[in-house]
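What follows is calculated from the coordinates using simple rules that are stated; it is not laboratory data. Remember, it's a predicted structure, so these values are computed and weren't measured experimentally. Positions of Cβ are generated from backbone atoms using ideal geometry, with glycine treated the same way; all protein chains shown enter the neighbour counts.
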Amino acid sequence: MRNGAAGLFSITPFYNPATFSVRRIAGATSFAALTYLGFDAVTTLAEEVKNPRKNVLLAAVGVCLFTGLFGGLLVYLGQLVWPDYTSFPNMDTAFIDVTGRVGGPLLLQATAMLLVVANIGAGLTSQVGAARLLFGMGRENVLPSRVFARLHPVHKTPDVNVILLGILAFVGAQFLSYELTAEILNFGAFLGFMGVNAAVFWQFWVRRRPGHKRNLVLDMILPILGFLFCGVIWLGLASPAKIAGSIWLAAGVLVVGARTNWYRRPLRLPNPSIYE
């Protein structure tokens with residue numbers, strides 16, 4: 001190391017007065033948050049887990065902590081190794097280039113192979129999680145139940161949903177850039193995160209179920225801060241993502257409205273026997 005152990009410690013990766021910009025940080029945070037979307041996908045598999053009340057919580061929080069700590073450490077070290085981000089040969093392969101500078105061609109090739117394997121695993125996990133989410137929506141009659149709530153007679157998996165998502169992912173990859181796709185996903189993700197924080201505040205601070213003692217920090221301050229934080233990032237998304245997300249949101253409101261007589265009755269299962 002050129003600077004010895006002291007070279008491992010610097011505040012420049014966190015704050016550089018020459019390049020610091022709140023707007024750029026908000027935009028970058030929305031992309032970084034895409035890494036965390038897998039943590040909530042694991043909750044869609046609750047019906048497949050033993051003791052889901054405990055284990056799903058541990059899995060979701062564990063993924064967040066592990067990814068946050070080690071992902072942050074890798075980015076921090078990468079910034080120390082390659083401080084000038086504008087000099088990367090290709091921004092899409094920036095992390096691989098950093099490993100090449102650290103360990104030479106061998107580490108660069110090994111990292112590239114690991115990323116390919118990791119992306120395949122992440123894609124399969126996302127596909128399974130989304131398929132289970134569609135299954136739940138079909139079972140609750142939000143989507144047509146005979147299609148989306150169908151289970152394979154042998155494997156008991158939502159096979160139609162898995163195939164449909166595979167087709168949509170392939171077609172989308174041919175026409176949408178990573179940046180636009182990420183921001184469209186983040187439109188729904190951050191809107192959902194805002195809804196979760198608002199629901200916590202409403203249920204535990206405003207309504208306060210019988211026997212629950214209000215906690216100023218957990219029931220009010222943290223949910224409000226979480227809502228505001230997600231709201232700032234959500235507002236910072238690009239206009240195309242907001243337009244596409246708003247159209248999709250409006251379509252969802254119309255579909256649910258049509259199935260609930262414009263919100264005058266709850267969603268009902270048309271034929272419960274198909275899930276047995």
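Shown for Phe20, Phe95: other C-beta atoms within 10 Å of each C-beta, ranked fewest to most, produce the order Phe20, Phe95. The C-alpha atoms of the chain occupy a region whose extents along the principal axes are 69, 48, 40 Å, arranged from largest to smallest.
The fewest-to-most ranking of His212, His155 by surrounding Cβ atoms within 10 Å reads His155, His212. Computed extension length for Trp248-Leu225: 5.6 nm, one decimal, from 0.36 nm per residue of separation with the Cα-Cα distance subtracted.
The lysines within cross-link reach of Lys156, meaning a Cα-to-Cα straight distance under 19 Å and a gap of 8 or more places when in the same chain, are Lys50.
Farthest toward the positive end of the dipole of the chain, out of Leu225, Ala94, Ala131, is the Cα of Leu225, where the dipole comes from beta carbon charges about the Cα centre. Mind listing which chymotrypsin sites (Phe, Trp or Tyr not before Pro) in segment 171-266 are in a DSSP loop and have 13 or fewer other Cβ atoms within 10 Å? Sparse-neighbourhood loop chymotrypsin sites (Phe, Trp or Tyr not before Pro): Trp262, Tyr263. Computed on the chain, with alpha-carbon pairs under 8 angstrom and 6+ residues apart, the relative contact order is 20 percent. Treating segment 193-240 as a set of equal point scatterers at the Cα positions, no solvent, please give the Debye-formula log₁₀ I(q)/I(0) at q = 0.25, 0.30 Å⁻¹. Scattering profile of segment 193-240, log10 relative to I(0): -0.83, -1.03. Computed from Cα positions, the angle between helix 94-139 and the longest principal axis of the chain comes to roughly 10 degrees.
Counting Lys and Arg as +1 and Asp and Glu as -1 over every other residue whose Cβ lies under 15 Å from the Cβ of Val253, the net charge comes to +2. Within the same chain, aspartates and glutamates fewer than 8 places from Lys242 are excluded, and of the rest, those with a Cα less than 16 Å from its Cα are Glu179, Glu183.
Dimensions of segment 177-276 from C-alpha coordinates, computed as largest minus smallest value along each principal axis and given longest first, are 43, 42, 27 Å. Centre-to-centre separation between the Cα atoms of segment 160-231 and those of segment 99-133: 25 Å.
Positive contributions from Lys and Arg (+1) and negative ones from Asp and Glu (-1), summed over other residues with Cβ under 15 Å from the Cβ of Val42, come out at +1.
Count Lys and Arg as plus one, Asp and Glu as minus one, and take only other residues whose Cβ is under 13 Å from that of Ala94; the net charge is then -2.
With loop membership from DSSP and a limit of 13 other Cβ atoms within 10 Å, the longest segment of the chain without trypsin sites (Lys or Arg not before Pro) is 51-155. Computed over every Cα-Cα pair of segment 100-175 and binned at 5 Å starting from 0, the pair-distance distribution P(r) comes out as 3, 15, 17, 17, 13, 10, 8, 6, 5, 4, 2 percent.
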